[in-house]
1. Among the numbered criteria (1) without any contact (Cβ under 8 Å) to a residue 60 or more places away in the chain; (2) closer than 30 Å to residue 6 by Cβ; (3) open to solvent by 50 Å² or more (accessible area, probe 1.4 Å), which single criterion is violated by residue 114?
2. Cβ-Cβ distance below 6 Å, separation of 6 or more or different chains: which pairs start in segment 16-34 with a residue that is farther than 13 Å from residue 3 by Cα and end on one that is in a loop (DSSP other than H, G, I, E, B) and open to solvent by 90 Å² or more (accessible area, probe 1.4 Å)?
3. Within segment 45-65, can one find any residue that is closer than 16 Å to residue 82 by Cα and of a type in the set (A, V, I, L, M)?
4. Looking only at segment 98-120, how many residues end up being closer than 17 Å to residue 78 by Cβ and either at pLDDT below 95 or in contact with a helix residue (DSSP H, G or I) (Cβ under 8 Å, 6 or more places away or on another chain) (or both)?
5. Residue 108: out of contact with any Gly (no Cβ under 6 Å at 6 or more places or on another chain) and more than 26 Å from residue 56 (Cα to Cα), yes or no?
6. Output the residue which, of all residues in segment 16-60 that are loosely packed, with under 10 Cβ neighbours inside 10 Å, within 22 Å of the chain's Cα centre (by Cα) and within 17 Å of residue 89 (Cα to Cα), is modelled with the lowest pLDDT.
7. Condition check: under 20 Å from residue 93 (Cα atoms), in contact with a helix residue (DSSP H, G or I) (Cβ under 6 Å, 6 or more places away or on another chain), open to solvent by 70 Å² or more (accessible area, probe 1.4 Å) and part of a loop (DSSP other than H, G, I, E, B). Does residue 75 satisfy that?
8. Would you pick out the residues in segment 83-105 that are small (Gly, Ala, Ser) and open to solvent by less than 20 Å² (accessible area, probe 1.4 Å)?
Amino acid sequence: MPIACPSLIGSSYPELCAAVDHYCERTSSALDAEPINALTNAAFLIGACIAWRIRSGRRGSEGRLVIALILTMALVGLGSFLFHTVATRWTEWADVLPIMLFMLLYLWLVLTTFFDWPPWLKLIVLA
């Protein structure tokens, strides 16, 4: 199954191709073992498309950061879809890392927009 273990990952890091089954929703290793979790990830993609359309007509100082948040939202949907269909170690990282990146970008945006903190203080908070 190439999507479960792409050769680029499997040849160098075979441990990342190990199946993940340590949570209660997953009952088998089939692609459709978590159909509701897999389908609900479309909400992230739909939300990213809607946010992109809303953002495309506006300008602002935080424009690049908002675009990064929108793109990260789409990555959250894709990574989570992969994890809830394939459920291997590498897809677990594909699920978790975009979520963490989104949270950090959002916190940076809030500290910039609402509190006008200097960059050095925001970096300390994020660390």
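1. (2)
2. Filtered contacts from segment 16-34: 33/27; 34/25.
3. Taking segment 45-65 first, the residues closer than 16 Å to residue 82 by Cα are 45.
Narrowing the set further to residues that are of a type in the set (A, V, I, L, M) leaves 45.
The answer is yes; a qualifying residue exists.
4. Count: 5.
5. Working: out of contact with any Gly (no Cβ under 6 Å at 6 or more places or on another chain): yes; more than 26 Å from residue 56 (Cα to Cα): no.
The answer is no for residue 108.
6. 24
7. Values: under 20 Å from residue 93 (Cα atoms): yes; in contact with a helix residue (DSSP H, G or I) (Cβ under 6 Å, 6 or more places away or on another chain): yes; open to solvent by 70 Å² or more (accessible area, probe 1.4 Å): yes; part of a loop (DSSP other than H, G, I, E, B): no.
Here the answer is no, as residue 75 does not meet what is asked.
8. Kept after step one, since they are small (Gly, Ala, Ser), are these residues of segment 83-105: 87, 94.
Hit for segment 83-105 is 87, nothing else.
The values are calculated or read from the model by the stated rules, or taken from the named source; none is laboratory data. Predicted model, so just to flag it, every value in this text is computed and none were measured. Cβ sites come from the backbone with ideal geometry, for glycine too, and all protein chains shown count toward neighbours. For accessibility, only protein heavy atoms count, side chains too; no ligands or nucleic acids. Shrake-Rupley method; radii C 1.70, N 1.55, O 1.52, S 1.80 Å.
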